[in-house]
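The values are calculated or read from the model by the stated rules, or taken from the named source; none is laboratory data. Quantities reported herein were computed from a predicted structural model and do not represent experimental measurements. In this analysis, Cβ positions are derived from the backbone assuming ideal geometry, glycine residues included, and neighbour counts consider all displayed protein chains.
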Amino acid sequence: MRKFFLYYLPSLLWMGFIFYLSSRHQTITTHVYAYDFMTLKTFHIIEYFILNFLVFRSLYFRNNKKNMKQAIYVATVFSVLFAFSDEVHQVFVMNRTGCFRDTLIDSIGIAINYVIVLKYKNTIKKNIC
């Protein structure tokens with residue numbers, strides 16, 4: 001049970017948080033389209049960077065720190081599919097639209113985490129909590 005709270009619950013809570021944000025009206029901060037667009041899309045990248053890391057962490061520890069490449073690959077595929085499902089969900093939310101472009105933007109955050117994990121795999125093996 002301790003393993004669930006330490007490794008799986010953070011991923012589930014983060015997915016719930018993303019789902020919650022997708023259910024709300026889109027926030028406009030400055031009424032300057034370019035600035036609002038960049039701000040919101042930066043948040044997309046950060047959201048999915050964190051999701052990919054949390055899912056990777058869950059999978060990596062599920063296998064007792066074995067096969068890091070498989071864990072990051074599965075986490076990446078899962079995160080991209082979740083990003084796509086989030087856009088599908090937004091189609092059904094009033095005043096929101098689902099956009100494949102957002103899935104691609106989300107994938108930037110996922111890819112950044114993927115590269116970081118592979119680049120620093122030896123450090124992660126020693127120090128990840």
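Couple of notes before you dig in:
- Look at (1) part of a helix (DSSP H, G or I); (2) at pLDDT below 85 and you find that I110 fails only one, number (2).
- Test result for A71, within 18 Å of the chain's Cα centre (by Cα), at pLDDT 95 or above and either in a helix (DSSP H, G or I) or of a type outside the set (S, T, N, Q) (or both): no
- Selection status of I105, assigned to a helix (DSSP H, G or I) and under 21 Å from L59 (Cα atoms): no
- Qualifying residue in segment 59-68 (condition: touching a residue at least 24 places away in the same chain (Cβ under 8 Å), farther than 24 Å from M1 by Cα and either not small (G, A, S) or not in a loop (DSSP other than H, G, I, E, B) (or both)): no
- Taking the criterion of being out of contact with any Phe, Trp or Tyr (no Cβ under 6 Å at 6 or more places or on another chain) and in contact (Cβ under 8 Å) with a residue 24 or more places away in the chain, the residues of segment 95-110 that qualify are N95, R96, D102, I105, S107, I108.
- Residue satisfying condition, being without any contact (Cβ under 8 Å) to a residue 60 or more places away in the chain, buried (at least 19 other Cβ atoms within 10 Å of the Cβ) and either within 26 Å of F5 (Cα to Cα) or among the β-branched types (V, I, T) (or both), within set T76, T42: T76
- In segment 12-54, the residues that are among the aliphatic types (A, V, I, L, M), farther than 21 Å from V80 by Cα and either within 8 Å of the chain's Cα centre (by Cα) or not in a loop (DSSP other than H, G, I, E, B) (or both): A34
- Set side by side, the residues F100, F37, F82, F78 differ, and just one is of a type in the set (F, W, Y), at pLDDT 90 or above and farther than 17 Å from Y8 by Cα, which is F100.
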